[in-house]
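Peer 1: Got a structure for you, questions after.
What follows draws every value from the coordinates through simple rules; no lab data is involved. Everything numeric in this text was worked out from a predicted model, so none of it was measured. FYI the Cβ positions are ideal-geometry reconstructions off the backbone, even for glycines, and counts take in every protein chain you see.
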Amino acid sequence: MRKHKRLTFVLALAALLAVTAGAAVAAKAPVLRMATTTSTDNTGLLDYLAPLFQKDTGIEIQWVSVGTGKALEYGRNGDVDVVLVHDPDAEKKFVADGAGVNRRQVMYNDFVILGPKSDPAGIKGMKVEDAMKKIGEKQAPFASRADKSGTHMAELKLWKAAGMGVPDKQNWYIQTGQGMLETINVAGERKGYVLADRGTFIKYEANFKGNPPLVIQVEGDPNLRNQYSVIAVNPSKWPGVKYDLALKYINWLGSPKTQKAIGDYKLMNKQLFFPNAKQ
């Protein structure tokens with residue numbers, strides 16, 4: 001009798017565990033894969049938004065942070081479901097080539113030129129093209145991401161606007177091949193200049209408790225606007241991508257609630273990103 005009861009209990013327990021395991025599998029959150037820029041990651045914005053997205057939708061988001069060029073490459077290869085990037089020209093080509101759909105602007109900040117407090121090139125307050133030209137003339141150390149990121153592409157356009165070729169053969173031009181925060185640190189170590197997005201600069205500033213080696217020398221120029229957009233990878237080209245999840249993310253980022261959350265995100269009481277999704 002005891003043996004029978006024990007067997008019955010064991011069988012019941014096994015059945016319960018099987019049901020529980022099945023429920024756990026069934027309850028596991030669907031996963032959205034995203035490629036994005038280092039600036040959205042370095043600043044902590046994604047860590048701030050991800051749990052809000054999962055709470056609102058039940059979808060877990062996993063991301064890799066790389067330069068915009070690499071992020072779009074992941075999208076072209078169907079390795080991710082959605083991209084969050086900041087190079088409008090490259091984004092438009094990505095969509096025109098059929099690699100992406102449903103592009104939507106979601107937020108912006110601006111680029112700034114950072115340099116030592118002593119400002120050896122004397123660029124403080126200049127127009128951005130004049131500042132870049134002065135850096136080149138003075139051969140002041142300048143750190144470039146050199147990674148086809150949105151920031152790198154913006155930098156290349158600024159050298160051109162300054163009437164100069166890209167000084168990639170010059171000893172003073174430091175090509176890091178790294179992310180934004182790492183490149184700022186390299187510029188600081190070399191007592192040089194660097195083009196950075198304001199959000200990552202604020203993170204850098206916070207890391208030094210408000211007293212960083214590099215400070216903003218040039219800002220506020222209309223040519224320094226830095227727009228971020230989100231794009232779904234085209235399911236017609238890559239049937240395996242989770243387009244339904246990507247679309248939910250795009251709509252969620254553009255919703256009034258999330259736009260407010262983006263605007264509310266601050267470090268050192270400074271706003272890093274400014275929401276601008278069209279409703």
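Peer 1: Of GLN227, ASN109, GLY44, which is farthest on the positive side of the dipole of the chain, counting Cα position, with +1 on Lys and Arg Cβ, -1 on Asp and Glu Cβ, and the Cα centre as origin?
Peer 2: It is GLY44.
Peer 1: For the stretch 195-239, just say rounded, prolate or oblate: build the C-alpha gyration tensor, square-root its eigenvalues into a ≥ b ≥ c, call rounded for a/c under 1.5, and beyond that prolate if a/b exceeds b/c, oblate if not.
Peer 2: Oblate.
Peer 1: Under a point-charge model restricted to the Cβ atoms of Lys and Arg (+1) and Asp and Glu (-1), what is the dipole moment magnitude of the chain relative to its Cα centre, in debye to the nearest 20?
Peer 2: 980
Peer 1: Going by Cα centres, the stretch 132-202 and the stretch 244-279 are how many Å apart?
Peer 2: Cα centroid of the stretch 132-202 versus Cα centroid of the stretch 244-279: 29 Å apart.
Peer 1: Going by a ≥ b ≥ c, the root eigenvalues of the Cα gyration tensor, does the stretch 22-84 fall in the rounded group (a/c under 1.5), the prolate group (a/b larger than b/c) or the oblate group?
Peer 2: oblate
Peer 1: Using just the Cα positions, wrap the stretch 193-269 in a convex hull and report its mean projected area in square nanometres, one decimal place.
Peer 2: Taking a quarter of the hull surface, the average projection is 7.9 nm².
Peer 1: While we're looking at this one, here's another question. Could you derive backbone 3J(HN,Hα) for the stretch 238-245 from the dihedral phi with the Karplus parameters 6.51, -1.76 and 1.60 (θ = phi - 60°), listing whole Hz in sequence and x where the residue is Gly or Pro?
Peer 2: Karplus values, whole Hz, x for Gly and Pro: 10, x, x, 6, 8, 5, 4, 6.
Peer 1: Using +1 at the Cβ of each Lys and Arg and -1 at the Cβ of each Asp and Glu in the chain, identify which of SER149, GLY163, ILE216 lies farthest towards the dipole's positive end.
Peer 2: Working it through, the farthest residue towards the positive pole turns out to be SER149.
Peer 1: With a 10 Å Cβ neighbour count serving as the proxy for reagent exposure, in which order, fewest first, do ASP168, ASP41 appear?
Peer 2: Ordered by Cβ neighbours within 10 Å, fewest first: ASP168, ASP41.
Peer 1: Also: Calculate one ³J(HN,Hα) per residue across the stretch 260-275 by plugging θ = phi - 60° into the Karplus curve 6.51 cos²θ - 1.76 cosθ + 1.60, and present them in order as whole Hz with x for glycine and proline.
Peer 2: Listing the rounded values in order: 5, 4, 4, x, 7, 6, 9, 10, 6, 6, 10, 6, 9, 9, 10, x Hz.
Peer 1: Which net charge results for the neighbourhood of ILE250, defined as the other residues with beta-carbon distances under 10 angstrom from its beta-carbon, given Lys and Arg at +1 and Asp and Glu at -1?
Peer 2: +3
Peer 1: Can I ask one more? Per residue and in Å³, how big is the convex hull formed by the alpha-carbon atoms of the stretch 112-224?
Peer 2: 89
Peer 1: Now a separate question. Which semi-axes, in whole Å and largest first, does the equivalent ellipsoid of the stretch 50-99 have when worked out from the alpha carbon gyration tensor as the square roots of 5 times its eigenvalues?
Peer 2: Rounded to whole Å, the semi-axes are 23, 11, 11.
Peer 1: Only counting other Cβ atoms within 10 Å, I'd like SER118, SER39 sorted with the fewest neighbours first.
Peer 2: In order of increasing Cβ crowding within 10 Å: SER118, SER39.
Peer 1: Right, something else. Test of understanding: ordering GLU91, GLU129, GLU137, GLU205 by Cβ neighbours within 10 Å, fewest first, what list do you get?
Peer 2: In increasing order of surrounding Cβ atoms, one gets GLU137, GLU129, GLU205, GLU91.
Peer 1: Would you report the distance distribution of C-alpha pairs in the chain as whole percents per 10 angstrom bin, up to the bin with the largest distance?
Peer 2: Per 10 Å bin, starting at 0, the Cα pair percentages come out as 7, 26, 29, 18, 9, 5, 3, 2, 1, 0.
Peer 1: Please list 3J(HN,Hα) in residue order for the stretch 176-187, calculated via the Karplus relation 6.51 cos²θ - 1.76 cosθ + 1.60 where θ = phi - 60°; whole Hz, with x for glycine and proline.
Peer 2: For the stretch 176-187, the Karplus-derived couplings read 7, x, 10, x, 5, 4, 5, 5, 4, 5, 4, 4 Hz, x marking Gly and Pro.
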